[in-house]
1. Is it true that residue 146 is over 22 Å from the mean Cα position of the chain (by Cα) and of a type in the set (A, V, I, L, M, F, W, C)?
2. Return the only residue of 11, 29, 47 being modelled with pLDDT under 55 and among the small types (Gly, Ala, Ser).
3. Tell me the residue from 85, 108, 134 that is exposed (fewer than 14 other Cβ atoms within 10 Å of the Cβ), at pLDDT below 95 and of a type in the set (Lys, Arg), please.
4. Given the options 70, 74, 127, name the one that is within 30 Å of residue 47 (Cα to Cα), assigned to a helix (DSSP H, G or I) and at pLDDT 95 or above.
5. Restricting attention to the range 136-180, which residues are free of Cβ contacts under 8 Å to residues at least 24 places away in the same chain, part of a helix (DSSP H, G or I) and under 18 Å from residue 40 (Cα atoms)?
6. May I ask you to verify whether residue 101 is of a type in the set (Val, Ile, Thr), in a helix (DSSP H, G or I), modelled with pLDDT of 95 or more and more than 29 Å from residue 57 (Cβ to Cβ)?
Amino acid sequence: MMKKQIYTLFAALAFVSAAFSNPGLAQQAPPAVIVVVDFNRVTNESAVGRDVSAQMETNRIDLEARALDLNDQLNREQEELNRQRSVIAPEAFEERVRAFTQKQQVARQEIQEKTQQRQVALQQAQLEIQRVLRPIVKDVMEKHGATLVLDKNIVQHHIAGLDVTTEVVEQLDANLPSFKVTLPGQQPQN
């Protein structure tokens with residue numbers, strides 16, 4: 001069995017060696033024609049990117065306001081509980097402490113759930129944008145005769161004319177000018 005594996009390995013090496021020494025056997029790769037897209041700029045400058053960003057910012061502000069409101073309510077209740085400590089029976093006080101602790105947990109869980117829902121909504125928006133963006137990038141590549149697209153974030157230098165970001169943004173604006181971000185459990189609004 002070992003001899004068969006060694007023989008197969010040598011045969012494969014011989015074929016590869018022959019392919020490189022004989023250009024007729026080696027399959028020629030087409031020359032790479034590259035375009036560059038700044039996907040961060042697409043996200044930040046496209047109409048849909050700005051729309052989603054504005055909606056997420058509004059949601060973040062609302063979530064922070066809700067967290068502050070819950071925190072204020074709990075602080076007031078804790079102060080009242082501390083005042084009652086010396087005037088009510090220990091058993092009644094312990095029961096109120098348990099109820100207060102439960103309210104804290106519920107408040108914490110509400111904020112965590114809303115934060116997670118916010119992340120899911122953002123991911124869904126990003127997936128929808130990507131769904132629309134893929135054929136746009138492909139069309140721009142074909143228009144320029146490109147065989148490869150690189151994200152500008154990984155390119156250190158390039159010559160003028162390779163960056164097609166503006167074209168991609170314009171087409172994305174035409175195809176998807178906005179997107180309604182809907183949190184899970186929330187009904188889409190028209």
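1. yes
2. Details: 29 fails: modelled with pLDDT under 55; 47 fails: modelled with pLDDT under 55.
Checking each option against the conditions leaves just 11.
3. On the way: 108 fails: at pLDDT below 95; 134 fails: at pLDDT below 95.
None of the other options fit; the residue is 85.
4. Checking each option against the conditions leaves just 127.
5. Correct list: 138, 154, 166, 170.
6. yes
The values are calculated or read from the model by the stated rules, or taken from the named source; none is laboratory data. Quick caveat: nothing in here was measured; it's all calculated off a predicted structure. Counting neighbours? That spans all protein chains shown, and the Cβs are built from the backbone with ideal geometry, glycine included.
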